[in-house]
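Working notes, beginning with the structure itself.
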Amino acid sequence: MITNEYIDEMATYARWQNDNIYRCCEEIGPEERKRDRGMFFGSIHNTLDHICVVNRSILTLLNGTLPERNPPGHAVWSDWEELKSVRLEQDDLLSKGGQEWTKDWLAEKTTNRDPHGDDLPAIPRWVMVVQLFNHQTHHRSQVTSALHSMGIDYGATDIPWRPGAGFFAG
């Protein structure tokens with residue numbers, strides 16, 4: 001079982017990493033963000049879009065509602081400004097989660113009935129929260145790899161080096 005402190009730390013870490021990546025992606029411009037780089041989702045933009053789509057799906061599942069279905073390979077937020085806005089809203093929701101999600105709520109299993117197919121398995125909410133953070137990290141690493149191949153320094157990615165973590169002076 002995870003704690004609110006874990007959610008707080010991971011939400012703060014995710015926001016820090018998202019801020020760094022989106023800053024780098026802002027600087028490379030739309031052509032480079034949308035260039036097919038042979039990544040699983042093709043482009044940096046599509047990969048960042050996918051992260052937000054899955055975040056939205058998991059956050060929806062946490063509340064007991066089935067998420068929207070999206071066609072594979074289709075960017076939900078093709079506009080950069082809109083994608084940035086969605087990402088910031090999701091970071092805010094995750095930060096609030098660390099304050100509002102109780103131990104009992106996290107331990108409850110989600111139950112979702114799918115009108116288009118088999119019912120989804122009942123999974124404790126805390127597992128879905130861990131999956132949300134893990135999924136973001138996995139796909140952000142694909143973006144940082146693409147940025148690295150472009151010669152762009154995206155900064156540190158290790159949790160203890162997060163600004164404000166208090167492990168190192170400075």
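Structure notes:
- When residue 8 is tested against (1) surrounded by fewer than 19 Cβ atoms within 10 Å (Cβ to Cβ); (2) farther than 23 Å from residue 158 by Cβ; (3) at pLDDT 95 or above, only condition (2) is not met.
- Considering the stretch 28-135, the qualifying helices (runs of 4 or more DSSP H), each wholly inside and each with 1 or more residues that are in contact (Cβ under 8 Å) with a residue 60 or more places away in the chain, over 24 Å from residue 149 (Cβ atoms) and of a type in the set (Val, Ile, Thr), run over 44-62.
The values are calculated or read from the model by the stated rules, or taken from the named source; none is laboratory data. All values reported here derive from a predicted model rather than from experimental measurement. Don't worry about glycine lacking a Cβ; one is built from the backbone with ideal geometry, like all the others, and counts go over all protein chains shown.
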